[in-house]
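For reference, the structure is listed below as structure tokens.
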Amino acid sequence: MKVIVTGIDGTVKEIEGKAGWTLMEIIRDAGMPIKAECGGACACATCHVYIDDEWLDATGARSEEEEDMIDLALEVEDNSRLACQIEMSESLDGIRVKLARDAVL
Amino acid sequence: MTGAQHETDVVIIGAGPVGLFAVFELGLLGLKAHLIDILDRPGGQCAELYPEKPIYDIPAVPMCTGQELTDRLMEQIKAFEPTFHFQEMAERLEKLPDDRWKLTTDQGVAITARVVVIAAGGGSFVPKKPHLEGLEQFEAGSVFYAVRKIDAFRGKRIVIAGGGDSALDWALNLHPVAERITVVHHRDGFRAAPASVEAMRMLVDKGAMDFKIAQLDSLHGADGALSSVRVKSKTDGLIDIPADTLLPFFGLTMKLGPIADFGLNLHENLIPVDTEKFESSVSSIFAIGDINTYPGKLKLILSGFHEGALMAQAAFAYCRPGERLRFQYTTSSSDLQKKLGVR
Ligand SMILES: Cc1cc2nc3c(=O)[nH]c(=O)nc-3n(C[C@H](O)[C@H](O)[C@H](O)COP(=O)(O)OP(=O)(O)OC[C@H]3O[C@@H](n4cnc5c(N)ncnc54)[C@H](O)[C@@H]3O)c2cc1C
Ligand code: FES
């Protein structure tokens, strides 16, 4: 299962996903820089990513809790999500995401 | 308390759960402590990130929230009368000729102690800054991440960015003194308390406040003085809002901060320690809790508590040289019970 992650400097990395893990955990486990300060509790917004347009339907909508937490993210776009709120599954195999600056800096 | 001088046995940087429990372990050994935290209250991550969320792995406490854990720790250490310095950043550390340490905060408070305990967790909580070009040049006089004195904003045209409680509370509190307030937020919905949202919308409807659904784009002005904030709206494109002041409220993030310059060995922003005393590469400076690293380290509250207990034994040797330390249980020692104020 693959996840394709674009860093804030534009470099693209293909990393191994794992069903049942969150996107944040997969990115962190691959050693890519993602602050994820609250460890996935939807309490910090420092796991902010942009979902590639093609994958927006597959990832579904933000929950109300996530919507509120995204208020603390910077440079929010329509495709902004918190990576700790997306669980990896077969249907997301090959998903492309881009790290937001506030998830790294 | 600018310029205040204090002397104590141990100065603890960080009033998170681990710093708080260290007060207890030090107190049992008769050592006094001062704590410094940039936050305005105790509890570190537990209070800032998850006050309402449950914790299940504190021994003998089947469930408590982050705030409850903090409150209970505060109760447990009360008898030891720790001194707290909140909203202060531990900034500079110097060694004195008599081997004691002098720690100075960004507010000019100096604390002299024989032992320094760094319980700084994930780092100091500092405001998230928007990524705007030239931001630094405006930070001296036009961009602020907190409001210390309302009067400083009298007559100003203020842009407030964000949708949380800080953003809306300050929009409402500054409204009576400001010339004009514009709230800028990326959506027409807010995480802030519904009552504040309603109060804001009423002012906007009356024309007494502005609200733009937009994102910060760039800052404009000269010599550090802001003249306008450009925002980007999905419907209206770029809009220039005349402004003297920008208050961005996007919550906090953790940064190691000045501890990086204390002259300690660091490994990926963590402080390597031994597992007997939890001492750093510099003697009489200890590191406990999330900020330290050693083989097998787990970032758990329970581990930080254990680290504090062992650290206290070693701190005692520095603070009371030549004195023998007796191993005692709180259950049976009248000496410990006296210190705890239960006897
Ligand atoms: C959402 C979430 C859930 C968690 N759940 C659990 C759980 O169930 N069980 C568990 O064991 N752990 C849990 N943790 C981890 C736990 O909260 C941390 O291990 C713990 O907070 C570490 O405590 P600490 O005292 O070392 O540091 P922190 O809690 O990070 O506190 C450090 C304090 O030091 C201050 N500080 C740092 N540098 C300076 C400076 N230079 N000047 C002034 N102040 C400074 C900071 O502002 C901060 O307040 C969780 C964490 C999160 C985010
Ligand atoms: S890791 Fe904190 S919100 Fe996702």
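Relative to the longest principal Cα axis of chain B, at what angle does helix B:194-205 sit, 0 to 90 degrees, rounded to 10?
20
With a bin width of 5 angstrom, please list the P(r) values of region B:40-128 as percents of all Cα-Cα pairs, from the 0 bin to the one holding the largest distance.
Distribution as computed: 3, 12, 17, 20, 18, 14, 8, 6, 2, 0 percent.
Beyond 14 Å, what share of the Cα-Cα pairs of region B:268-317 remains, rounded to the nearest whole percent?
I get 41 percent for the Cα pairs in region B:268-317 exceeding 14 Å.
Under unit Cβ charges (Lys, Arg +1; Asp, Glu -1), what dipole magnitude, rounded to 20 debye, does region A:2-103 have relative to its Cα centre?
480
For A:ALA41 and B:ARG326, what is the calculated FRET efficiency with R₀ set at 56 Å and r taken between the beta-carbons, to the nearest 0.05?
0.85
Could you work out how far helix B:17-28 tilts from the main Cα principal axis of chain B, as a 0 to 90 degree angle to the nearest 10?
Tilt of helix B:17-28: around 30 degrees.
In angstroms, what radius of gyration and Dmax does chain B have, counting Cα atoms only?
Computed over the Cα atoms of chain B, radius of gyration and Dmax are 23.4, 74 Å.
For chain B, with a Gaussian network of springs between Cα atoms less than 10 Å apart, report the residue from B:ALA199, B:ALA33, B:ALA312 with the top mean-square fluctuation.
B:ALA199
Rg/Rh for region B:44-198 to two decimals, with Rh computed the Kirkwood way over all alpha-carbon pairs.
1.04
I'd like the interface area for chains A and B: accessible area of each alone minus the complex, both sides summed, 1.4 Å probe, protein heavy atoms only. What is it in Å² to the nearest 100?
Summing both chains' loss of accessible area gives about 1900 Å².
Rounded, prolate or oblate for region B:135-250? Axes are the square roots of the Cα gyration tensor eigenvalues, ordered a ≥ b ≥ c, and the cut-off for rounded is a/c under 1.5.
It comes out oblate by the Cα gyration axes.
For region B:148-211, which semi-axes, largest first and in whole Å, follow from the square roots of 5 times the eigenvalues of its Cα gyration tensor?
18, 12, 10
Calculate the tail of P(r) for the protein assembly as shown: the fraction of all Cα-Cα distances greater than 37 Å, expressed in %.
Tail of P(r) above 37 Å: 34 percent of Cα pairs.
Please list, or write none, the lysines whose alpha carbon is within less than 16 Å of the alpha carbon of B:LYS234, excluding same-chain residues fewer than 8 places away.
Partners within reach: B:LYS212.
Any idea how far apart B:TYR294 and B:LYS206 come out in nm if each label point goes 7 Å out from Cα toward Cβ?
6.1
What would the Debye formula give as log10 I(q)/I(0) at q = 0.23 Å⁻¹ for the alpha-carbon point model of region B:87-148, no solvent?
-1.02
Using Cα pairs closer than 8 Å and at least 6 residues apart in sequence, work out the relative contact order for chain B, in percent.
Reported relative contact order: 20 percent.
Most fluctuating residue of A:LEU74, A:LEU82, A:LEU23 in a GNM of chain A with Cα springs under 10 Å: which is it?
It is A:LEU74.
Please check which bits of region A:61-97 a label hung off B:LYS234 would reach, taking the label as a point 7 Å along Cα-to-C-beta and the cut-off as backbone N under 17 Å.
Under 17 Å, as judged by backbone N against the label point of B:LYS234, lie A:61-64, A:66-82 of region A:61-97.
In region B:234-343, carbon and sulfur make up what percent of the accessible area (probe 1.4 Å)?
Whole-percent figure for carbon plus sulfur exposure: 52.
Against the longest alpha carbon principal axis of chain B, how many degrees, from 0 to 90 and to the nearest 10, is the axis of helix B:66-77 turned?
Orientation of helix B:66-77: about 40 degrees from the principal axis.
By the gyration tensor of its Cα atoms, with a ≥ b ≥ c the square roots of the eigenvalues, what is the shape of region A:2-103: rounded for a/c under 1.5, prolate for a/b over b/c, or oblate?
Rounded shape, in that the Cα axes give a/c under 1.5.
To one decimal place, what orientation-averaged projected area in nm² is obtained for the convex hull of the Cα set of region B:212-319?
Taking the Cα atoms of region B:212-319, their convex hull projects to 11.5 nm² on average.
Over region A:2-103, what is the relative contact order in percent, taking alpha-carbon pairs closer than 8 angstrom and at least six residues apart?
So the answer I get is 42 percent.
Longer than 27 Å from Cα to Cα, which of B:LYS95/B:LYS255; A:LYS2/B:LYS297; B:LYS53/B:LYS338 are they? Say none if no pair is.
Check vs 27 Å cut-off fails for A:LYS2/B:LYS297; B:LYS53/B:LYS338.
Run the quick spin-label model on B:ALA195 and A:THR6: label points 7 Å from Cα toward the beta carbon, then report their separation in nm to one decimal.
4.5
I'd like to know which of B:MET209, B:PRO194, B:VAL184 lies farthest towards the positive end of the charge dipole of region B:130-212, counting +1 on Cβ of Lys and Arg and -1 on Cβ of Asp and Glu.
With unit charges placed on the Cβ atoms, the residue in question is B:MET209.
With the cut-off at 1.5 for a/c, could you classify region B:1-58 from its C-alpha gyration tensor as rounded, prolate or oblate?
The shape class here is oblate.
The values are calculated or read from the model by the stated rules, or taken from the named source; none is laboratory data. Just so you know, these numbers come straight off a predicted model, no measurement behind them. Note: ideal-geometry Cβ built from the backbone for every residue, glycine included; neighbour counts use all protein chains shown. These area figures cover heavy atoms from the full protein model, side chains too; ligands, DNA and RNA do not enter into them. Shrake-Rupley method; radii C 1.70, N 1.55, O 1.52, S 1.80 Å.
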